[in-house]
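Following: one structure in structure tokens, then a few remarks.
No lab work stands behind these numbers, since they all come straight from the coordinates. Computed from a predicted model, the values in this text were never measured in an experiment. Using ideal geometry, Cβ is built from the backbone for each residue, glycine included, and neighbour counts are taken over all protein chains shown.
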Amino acid sequence: MDFAGANILSVEQFERADIERIFSVADSMEPYALRHKVTRVLEGAILGNMFFEPSTRTRISFGCAFNLLGGEVRETTGFQSSAIAKGESLYDTARVLSGYSDVICMRHPGEGSVGEFSAASRVPVINGGDGANEHPSQALLDLYTIQKELRALGRTLNGLRIAMIGDLKYGRTVHSLSHLLCLFNDLHVVLISPDELAMPDEYVTKLRDHGHQVSVTSDLPNNISHVDIVYSTRIQEERFASKQEADSYRGRFRLNQAIYTKYCEPNTVIMHPLPRDSRADANELDNDLNQNPNLAIFRQADNGLLVRMALFAMILDVVEQVDKYARPVNWFHKRS
Ligand code: NCD
């Protein structure tokens, strides 16, 4: 696809070559993300960062990614601090804000809302999550992480064995990741959730139609033994009719070091889009995994910066100029 000026609304718009291109640009962003160099390539450009649902990683990393390329960020968070609370439509908001920005990232609870917004926007729009539907940049960084972690173990994506665990019904990250996995071959996908929170049929059918082996189960321990990746997710309590209903699923699929040691193959990589729910009754990924070198959740979050920088550089068509506007950093930077 042609990235210059494109909206990023769904991973279904990508072909395999597009993913490879994004990942190779993401690799080239590493010196900037690691603060070895700074670039001013997006000097003068403005990102409109509009988050109408809670967000830490996605909002901050989109903002930092834009800053690291030399651009500026203007933000609105939550409906209450936006004129949408006064009854303004998505159409009007898009017309106005796209006059102030060069690119917009948006998160909104309504499925399809970011697409609707983008239709009225005069600048490219990136979907930062639209309800339970999609979260394309997260799926890209997840796949980028899977590829990097596997490469470190001498493996490639083809033949990947992955277990997705938790709230597969409302989890938009696993929806987008499932779509992306359809671009690869001979995968073994294990979908582990309470029956009521199973992956919607359309995703399961699509994975099977692409020739992948898919098993659907509600039994965690016996289904994480033969996978390369365990991808855990949070119960999406904000999508349930009541907190009580969400609470009834909380803590059903916990992974801790004892379960990992007993059931997983050595070097099984542990992923989670975060936030992990660390309350005692949830604890889907126990803190006792924090010292496990296969816990990739923070490397995964770091990778978000690279992938989001790549998306901005491609959409604003400056990939070839990033290094031209680079110089060494002035400050002492300690990172461990
Ligand atoms: C996810 C999301 O918002 O869908 N978080 C994120 O963007 N990394 C997952 C979640 O909230 O559970």
With springs only between Cα atoms under 10 Å apart, run a GNM on the chain and tell me which of 255, 168, 311 wobbles the most. 255
Highest-MSF residue in the chain out of 135, 210, 188 [GNM, Cα springs under 10 Å]: 210
C-alpha long axis of helix 16-28 to longest principal axis of the chain, angle in °: 70
Could you work out the helix-only [θ] at 222 nm for the chain, with each DSSP H run of four or more residues adding -39,500 (n - 2.57) and the total divided by the number of residues, to the nearest 500 deg cm²/dmol? -10000 deg cm²/dmol
For the stretch 51-160, what is the relative contact order in percent, using Cα pairs closer than 8 Å and at least 6 residues apart in sequence? 21
When 173, 261 are arranged by how many other beta-carbons sit within 10 Å of their Cβ, fewest first, they go 261, 173
For a quick protection proxy, order the peptides 50-60, 120-130, 10-20 by their average other-Cβ count within 10 Å, most packed first. 120-130, 50-60, 10-20
For residue 128, enumerate residues with amide H under 5 Å from its amide H, sequence gap 5+ or separate chain, H modeled in the peptide plane. 106, 107
Using +1 on the beta carbon of Lys and Arg, -1 on that of Asp and Glu, and nothing else charged, what's the dipole of the stretch 136-298 about the Cα centre, debye to 20? 340
In terms of the charge dipole of the chain, which places +1 on Lys and Arg and -1 on Asp and Glu at the beta carbon, the residue among 32, 248, 170 farthest towards the positive end is 32
What is the fewest-to-most order of 264, 182, 64, 105 by other Cβ atoms lying within 10 Å of their Cβ? 64, 182, 264, 105
Pick out which of 167, 201, 142 has the largest mean-square fluctuation in a Gaussian network model of the chain, springs linking Cα atoms closer than 10 Å. 201
Total formal charge among the other residues, if their Cβ is under 14 angstrom from that of residue 103, Lys/Arg +1 and Asp/Glu -1: -1
Given H placed 1.01 Å from N in the peptide plane, which residues other than close sequence neighbours of residue 76 have an amide H under 5 Å from its amide H? 49, 50, 51
Stretchable slack from residue 86 to residue 332, in nm (0.36 nm times residue separation minus alpha-carbon distance): 84.0 nm
How tilted is helix 136-152 with respect to the longest principal axis of the chain? Cα atoms for both, answer in degrees (0 to 90, nearest 10). 60
Any idea what the dipole of the chain comes to, in debye rounded to 20, about its Cα centre with Lys/Arg Cβ at +1 and Asp/Glu Cβ at -1? 1040
Rounded, prolate or oblate, given the Cα gyration tensor of the stretch 136-298, with a/c below 1.5 counting as rounded? oblate
Contour minus end-to-end for residue 151 and residue 37, with contour as 0.36 nm per residue of separation and end-to-end as the Cα-Cα distance? 38.5 nm
Which stretch or stretches of the stretch 271-293 have amide N atoms under 20 Å from the point lying 7 Å from residue 258's Cα along the Cα→Cβ direction? 278-293
Once the Cα gyration tensor of the stretch 95-196 is found, what semi-axes does its equivalent ellipsoid get, as square roots of 5 times the eigenvalues, in whole Å, sorted largest first? 31, 18, 9
Rounded to whole Å and sorted largest first, what semi-axes of the equivalent ellipsoid does the C-alpha gyration tensor of the chain yield via the square root of 5 times each eigenvalue? 32, 24, 19
Convert each backbone phi in the stretch 211-227 into a coupling constant with the Karplus relation 6.51 cos²θ - 1.76 cosθ + 1.60 (shift: θ = phi - 60°), then list the ³J(HN,Hα) values in order as whole Hz, x for Gly and Pro. x, 7, 8, 10, 10, 10, 8, 10, 10, 6, x, 7, 10, 10, 7, 10, 10
One-quarter of the Cα convex hull surface for the stretch 10-136, in nm²? 8.0
Most exposed first, judged by fewest Cβ atoms within 10 angstrom, 137, 28 run 28, 137
Please report the relative contact order for the chain, taking Cα pairs under 8 Å with a sequence separation of at least 6, and give it as a percent rounded to a whole number. 21
Kirkwood hydrodynamic radius (C-alpha pairs) into Stokes-Einstein, the stretch 17-72, 37 °C and 0.692 mPa s, D in µm²/s: 263
